[in-house]
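Notes for the one structure printed next.
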Amino acid sequence: MAPMSNLNKLVLDIETVGEDFDSLDNATQENLTRWIKKDSENSAEYGQELDELKNRLGFSPLTAEIVAIGVLDCGKDEGVVYYQAPGEKIKDAKENNMTFKQCSEKEMLEKFWEGAKNYNYFITFNGRTFDIPFLMVRSAIHGVRPTKDLMRGRYLSQQSFEAVHIDLLDQLSFYGAMRRKGSLHLWSRAFGITSPKASGVTGDDVGRLFAEKKFLELAKYNAGDLRATKELHEKWEKYLNF
């Protein structure tokens, strides 16, 4: 593998929103609730488990969609967030080094994979178990073929020059050797990096912001994740990358 300093580096992050459970067909609802019905001892426990299930629909590409994809070029220190805004027509906006562009889910996936052709080093936080599988499955659902295999080889020694994927959660926890892996907020706090949660918005607020049509606010939260991930990668690369 070529020296990492010679690679074109791209930070990426996505935001997702789950479907409305009550709008799902009966067969899908039954499939999703089958196990909690078996495991719940009473109606109160079932109701609690059902509420949690509804809140978790956004974690699966089978019951959720991508509402924002953010990318940040490490070399240029410039990026773009593609975001959904259904029913709205919002002009492109720019704030500092980030551009915000309204797109449909399919359009943002097409733009992401087209841009990915220009990079061979991709940086995520928890991307191996969330962002990348989500991107790849939602792309296939829309008939969009990924241009890079970002799931090839969990360990750096298994990866190819064409698509190095640095999942910082893997690297900082030494591939899960640490008992508590920690969130992006905790890692940012420990390294003195401004957390994307500092503005008061967290990942739990994404669904609410989307429902309230605060699309640009959601996109800016995504941009904060990109910035924190980039700075965290710089710390890892300088002190822990062997």
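Taken together, the values in this text are just the output of simple stated rules run on the coordinates, not laboratory data. Just so it is clear, the model here is predicted, and its values are computed rather than measured. Backbone-built Cβ (ideal geometry, glycine too); neighbour counts: all protein chains shown.
Structure above, values below:
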{"item": "Eligible lysines near residue 38 by straight Cα distance, threshold 20 Å, same-chain separation 8 or greater", "result": "54"}
{"item": "For segment 142-242, convex hull of alpha carbons as volume per residue, Å³", "result": "144"}
{"item": "Of all DSSP beta bridges in the chain, antiparallel share, percent nearest 5", "result": "60"}
{"item": "The chain, Rg to Rh (Cα coordinates; Rh as Kirkwood inverse mean 1/r)", "result": "0.98"}
{"item": "Full-extension gain in nm, residue 55 to residue 96, via 0.36 nm per residue minus C-alpha separation", "result": "11.4 nm"}
{"item": "Ranked 227, 128, 34, criterion: other C-beta atoms within 10 Å, fewest first", "result": "34, 128, 227"}
{"item": "Size of electric dipole in the chain: Cβ of Lys, Arg +1 and of Asp, Glu -1, about Cα centre, debye, nearest 20", "result": "800"}
{"item": "Cα centroid separation, segment 169-183 to segment 43-63 (Å)", "result": "26"}
{"item": "Sites matching trypsin sites (Lys or Arg not before Pro) across segment 161-209 that sit in DSSP coil, with at most 12 neighbouring C-beta atoms within 10 Å", "result": "179, 180"}
{"item": "Percent RCO, i.e. relative contact order, over the chain, from Cα pairs under 8 Å lying at least 6 residues apart", "result": "23"}
{"item": "The chain: DSSP helices with Cα axial extent of at least 15 Å and average Kyte-Doolittle hydropathy no lower than 0.5", "result": "none"}
{"item": "Candidate lysines - alpha carbon under 19 Å from residue 181, same-chain residues fewer than 8 apart omitted", "result": "197, 230, 235"}
{"item": "Selection from 62, 196, 85, by position along the positive dipole direction of the chain (Cβ)", "result": "196"}
